[in-house]
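Below is one structure, written out as structure tokens, with a few remarks after it.
Each reported figure results from applying straightforward, stated rules to the coordinates on display, with no laboratory input. Computed from a predicted structure; not experimentally measured. Note: ideal-geometry Cβ built from the backbone for every residue, glycine included; neighbour counts use all protein chains shown.
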């Protein structure tokens, strides 16, 4: 009986110390969205329960190892106890109630993170190996995700190739992005600052580098930025030519696979490409002229360059004028 | 050396190479006739490599002689029921029908795979010590990372084969498994599977992780096909091994061994075998569908052809989640089996512990969706999967409470096997505690695909299987060899391994919460994780040193260990009440169960008696 009392008394301070130890180590990143506050609340409840469970098992375990250890010269067996049905039922039923409560709480909070605001700003997200593109309601595209504070954004996401996943640690919640489908994620930023979106689902060799800035600003700052971006993009595209091509290349993340400095990435380099003789997988050789480059953008598998895999480059939706300007840009890369 | 070149292993490997080449050339010739491009990036084309690998696996089996009895029977030729093995080491590289030899073959293969997979981990762990790329390319990083995962998983499955094959017939008082030839087949099919798996290194590797999600795996290099083929081939071992074990347990128990008088490890082995027999097919199947998608253009998972990538994840996790219980149930069985011996007390709540294994196996079938909370599967599935996932905590909790109650009021001894048992309980407990945050959906959306999960499952699998596996080796090594492992080296092994491992996994969880994603070759310096990664890398090297000490101890003790032929641990179990090493046909006299298995501390009680006293 004495042992039970000692262990029973020890469990309480150990639970509390464990919980405060966890609290003091600041495990989570900054809470930058409404959803992150909910997630952290669930996490906090988890930690409270788990600290208690930790003490409940570890205290009697360590206590037994010290008190009930075999001392030098001691022989003989331990106490013959086969079990106790009441006790077994207790430690089956109580956890059962506990996990049911947790499942309810988990379902409830899941609902809270999914609350939809009908006035949410919609941003279309396109992920592909290995970059992000964000289409804004103001009609322009950027590689950066700018979000006005305290306004829900609905991200409508799709992938051009493999599975990716949208994750900003400070916003907590993740969503995979699938080819051929649109998945959505709703986030309400509540803290000004600069964060990063990472791809969280293994998507090939450069998966580690698939990251882009996420900037939470005031509504006024956002409006100004959006207006300026939209105007700049409109003039650039209207102008056409290499400058517009360069912008299109940046937006579509072509640089993820095609270098402009001659190094070999997943796809052939663009440096010195225009006008050169290209050896194909089929054994033929073709001249990299405007027709070839246009075809290769529109139908990447029509002519596969020797030493590079087929079925890797995604299909980009680009207008003829846009493709023309990209080809014009490639032409400048001597 | 001469004996090696005459062995079944060598013959099998040579025939595998010949078969592989022949198959590849055959496809290449057909391609030539059909006017298709005959050669590809890695000399042969992908279909040639895949077909060749299948032929090679079959010729391995034929060449090693593991199917020769069946072949003889099919032709109407009688072969002897028993085959006597030579009394030397060469029986371990030849086909043997003795469950003890097969168990040791499995165990040594598992150790080889652990060392291989561990080396892969060390390579990329070293790479991660600093940000930026040090000495690996992105492709090689991903290949090593992916192979580490799958080689360790196969290693664990093979290790389970070792533990179950060696111990189950012994513990139930049988002389062998129900189907000895099938048993040999289950082992030998692993070998060509492992060769295929490792051959992916030479064929461009694969960058998909061990999960092999399409569409990524549908566009990875040819290496990914060798990974698929390796699993499809080696998977037979799991399925057939499970079948054999269930038949053995149901039909061959000693007289008087009723269900609730079976050793607790047998309950665990049954639960595990039920899972492998019924679910392992889905693992091979999901890979096979991708293999067909690549070779034959069948768009199972290709959205542009009406396929669905999420379907793959359902098929894959329908096995791969229960697989976790395949890994841990035998380990938890070992913990429950050894605790009473070293505490000198009955296993507390034996029936509850036995039923909890079955409970875990059953509930384990209903939880696979928790790997897919962020995947884009139907949202209404999230809540039921969350509830079933959290339910697993109930039978698992029963085990923990029962273990602690077993320790309570005991007379606890701590030789090396017991240290690993206690280490297993602590590590598995950390794995268990880090589970519920992954189970509740809202928190999981932050945790999934981060290092938190990596830390969680390493704790689960090491606590649930690897520590108990070490405990089992320290405990039963004398049974197999008549010599014991060196205690001092064993203590070094434990005290280097255990703290390093705890540090490693706790830091994994910590960096995961901050923002370290899984499976990345490089991490953002802005996250400030370099110091953590240095500590993790040091811990990984300490674990490697500890393992090296173990391997040295293992090899040295076979010949030079302290002689231990008697009931070294003072156990009630039948195998310890006959001399070590175990005689060829186990028990000279029939075993009869006359008492409870774990009645330590009850004077005059006996579990088994030998001979037929009517």
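Using a/c under 1.5 as the rounded threshold, could you call the range B:106-165 rounded, prolate or oblate? The axes a ≥ b ≥ c are square roots of the C-alpha gyration tensor eigenvalues, and prolate needs a/b larger than b/c, oblate otherwise. Because a/c hits 1.5 or more and a/b exceeds b/c, the range B:106-165 counts as prolate. Legend: P(r) of the range B:1-68 from all alpha carbon pair distances, 5 Å bins from 0, whole percents, reading 4, 20, 21, 17, 13, 10, 8, 4, 1, 0.
Label sites at residue B:62 and residue A:75, each approximated as a point 7 angstrom past Cα along Cα to Cβ, lie 6.4 nm apart. Using only the C-alpha atoms, the convex hull of the range A:1-158 corresponds to 217 Å³ per residue.
When DSSP beta bridges are restricted to pairs lying wholly in the protein assembly as shown, around 75% turn out antiparallel. Look at where the Cα atoms of the range B:74-107 and of the range B:265-338 average out, and the two centres are 30 Å apart.
Would you please state which residues of the range A:37-51 a label at residue A:27 would reach in this model, taking the label point 7 Å out along Cα→Cβ and a backbone N cut-off of under 13 Å? It comes to A:40-51, nothing else. Counting only DSSP H runs of at least 4 residues, each contributing -39500 (n - 2.57), and dividing by the residue count of chain B, the helix-based mean residue ellipticity at 222 nm comes to -21500 deg cm²/dmol.
Taking a ≥ b ≥ c as the square roots of the Cα gyration tensor eigenvalues, the protein assembly as shown comes out oblate, since a/c reaches at least 1.5 and a/b does not exceed b/c.
Residue by residue along B:592-600, Cβ atoms of other protein chains within 10 Å of the local Cβ number 1 on average.
Mean residue ellipticity at 222 nm, helices only, chain A: -14500 deg cm²/dmol; runs of at least 4 DSSP H residues each add -39,500 (n - 2.57), and the sum is divided by the number of residues. Once R0 is set to 51 Å, what does the formula 1/(1 + (r/R0)^6) return for the Cβ-Cβ distance between residue A:279 and residue B:260, expressed as a FRET efficiency to the nearest 0.05? The computed FRET efficiency comes out at 0.10. Maximal additional length on extending the residue A:218-residue A:9 stretch stands at 70.0 nm, based on 0.36 nm per residue less the C-alpha distance. Simple spin-label estimate for residue B:29 and residue B:278 gives 4.7 nm between the two label positions (7 Å along the Cα-to-Cβ direction from each Cα).
Entry note, chain B: relative contact order of 13 percent, from Cα contacts under 8 Å with a spacing of 6+ residues.
Under the rule a/c < 1.5 gives rounded, and otherwise a/b versus b/c splits prolate from oblate, where does chain A land using the Cα gyration tensor? Prolate is the answer for chain A, as a/c is 1.5 or above and a/b outweighs b/c.
Length gained on full extension, residue B:39 to residue B:198, computed as 0.36 nm times the residue gap minus the Cα-Cα distance: 55.0 nm. Mean per-residue shielding of peptide B:301-309 is 3, counting Cβ atoms of other chains within 10 Å of each Cβ.
In this simple spin-label model, placing a label point 7 Å from the Cα along the Cα-to-Cβ direction at both residue B:84 and residue B:589 gives a separation of 2.5 nm. Relative contact order of the range B:12-77: 47 percent, from C-alpha pairs under 8 Å at least 6 residues apart in sequence. Per-residue shielding of A:23-31, expressed as the average number of other chain Cβ atoms within 10 Å of the residue Cβ, stands at 2. With R₀ fixed at 22 Å, the C-beta to C-beta distance from residue A:116 to residue A:317 puts the FRET efficiency at about 0.20. Listed peptides B:544-553, B:80-89, B:42-51, B:140-149 appear in the order B:140-149, B:42-51, B:544-553, B:80-89 once ranked by packing, highest mean of other Cβ atoms within 10 Å at the front.
Both radii come from the Cα set of the range A:121-236: Rg as radius of gyration, Rh as Kirkwood radius; their ratio Rg/Rh reads 0.95.
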